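The values are calculated or read from the model by the stated rules, or taken from the named source; none is laboratory data. Everything numeric here is computed off the predicted structure, so don't read it as measured data. Cβ placement follows ideal geometry from the backbone for every residue including glycine, while neighbour counts extend to all protein chains displayed. For the accessible areas, the whole protein counts, side chains as well, though only heavy atoms, and no ligand, DNA or RNA atoms are used. Shrake-Rupley method; radii C 1.70, N 1.55, O 1.52, S 1.80 Å.
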Amino acid sequence: MKHHPDKEEKVQMIKQFDHDYYIKRSHDIIFPELDIVVTENEQHITLGETSITCYFAKGHTNDGLFMIVDDSIWIAGDYLSDFEYPYIYESVNDYRDTLATARHILAKHQNLTLVPGHGKTTHHRAEIQRRVEMASSYLDELQAAVKENSKEALDKLNDKLAFPSDFTAQCHQKNVEIMERELLS
């Protein structure tokens, strides 16, 4: 976030959202100034009596993080939803690395409550593992469909979405484009 290339664009998106939905805020919308920057994978931060371990989680974006709070709460951001497939805005390979990080976290931390940005919270290890494997399977199926240039297989993947919409169709199409780009390079 510290070096985000489109800070003003993000602020404008929030202002447009407020305008579209008639929201009046009591404060100005500004891009956050960071006072703590995560520069290392598995970086530990202590805030008062709270301990946070930060893991790089790239793929959805290039600046994503997983955070483990007090060795018990896993804040997953836009990963590990119970119903949503990966939305890749940056890199399939980075997304796969993030899923490997998720497996590492599961091996290292025993009693976690997963808090995804989208979907239900869970403290069941088997459910967390299911979500990791669901995302991994989607990427494998997407890769196979793109390699085979199979519109039918791509449509089937898109049809599996729990809440199909124009937005999810656009995200799926973006995933296809990124997969094509990475397979060709």
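Which whole-number percent gives the relative contact order of the chain, counting Cα pairs below 8 Å spaced six or more residues apart?
Dividing the mean separation by the residue count of the chain yields 17 percent.
Using mean Cβ contacts within 10 Å as the protection proxy, how do 22-35, 118-131 order, highest first?
118-131, 22-35
Carbon and sulfur: what percent of the chain's accessible surface (1.4 Å probe)?
Solvent-exposed carbon and sulfur of the chain make up 51 percent of the total.
Give me the dipole magnitude in Debye, nearest 20, for the range 2-62 about the Cα centre, with unit charges on the beta carbon: positive for Lys and Arg, negative for Asp and Glu. Walk me through the intermediate numbers first.
Details: 7 positive and 11 negative charges, 37 e Å.
It comes to approximately 180 debye.
Here are a few candidate values for mean projected area of the Cα convex hull in nm²: (i) 14.5; (ii) 12.6; (iii) 13.5. Which one was actually calculated from the structure I just gave you?
It is the value labelled (ii).
Quick one: putting +1 on the C-beta of Lys and Arg, -1 on the C-beta of Asp and Glu, what dipole do you get for the chain around its Cα centre, in Debye to the nearest 20? Write out the running numbers ahead of the final one.
Numbers: 20 positive and 32 negative charges, 61 e Å.
Computed charge dipole of the chain: roughly 300 debye.
Would you mind getting the accessible area per residue of the chain, heavy atoms of the protein chains only, 1.4 Å probe, in Å²?
Accessible area per residue: 63 Å².
Straight-line reach from Lys15: which lysines have a Cα under 21 Å away, not including same-chain ones fewer than 8 places off?
In chain and number order, the partners are Lys2, Lys7, Lys24.
How high is the relative contact order of the range 93-185, in percent, counting Cα pairs under 8 Å that sit 6 or more residues apart? If you can, show how the numbers build up before the last one.
On the way: 42 pairs, mean separation 18.7, N = 93.
Reported as a whole number, the value is 20 percent.
With a point put 7 Å past each Cα toward its Cβ, work out how far Lys120 is from Lys10 in nm, to one decimal.
Once both label points are built, they end up 3.1 nm from each other.
Of Ile128, Val92, Ala169, which is farthest towards the positive pole of the chain's charge dipole, taken about the Cα centre with +1 and -1 on the beta-carbons of Lys, Arg and Asp, Glu respectively?
Ile128
Which aspartates and glutamates does Lys120 reach when only Cα atoms under 20 Å apart count, and residues fewer than 8 places away in its own chain are ignored?
Here the aspartates and glutamates satisfying the reach criterion relative to Lys120 are Asp71, Asp78, Asp82, Glu84, Glu133.
Sequence gap at least 6, Cα distance under 8 Å: using those rules, report the relative contact order of the range 135-185 to the nearest whole percent.
On the way: 20 pairs, mean separation 20.2, N = 51.
Relative CO of the range 135-185 lands at 40 percent.
Would you please name the chymotrypsin sites (Phe, Trp or Tyr not before Pro) within the range 79-185 that are DSSP coil residues with at most 16 other C-beta atoms within 10 Å of their C-beta?
Phe83, Tyr89
How large is ³J(HN,Hα) for each residue in the range 2-9, as worked out from phi by the Karplus curve 6.51 cos²θ - 1.76 cosθ + 1.60 (θ = phi - 60°), to whole Hz, x for Gly and Pro?
Using θ = phi - 60°, the values come out as 4, 10, 4, x, 10, 4, 5, 4 Hz.
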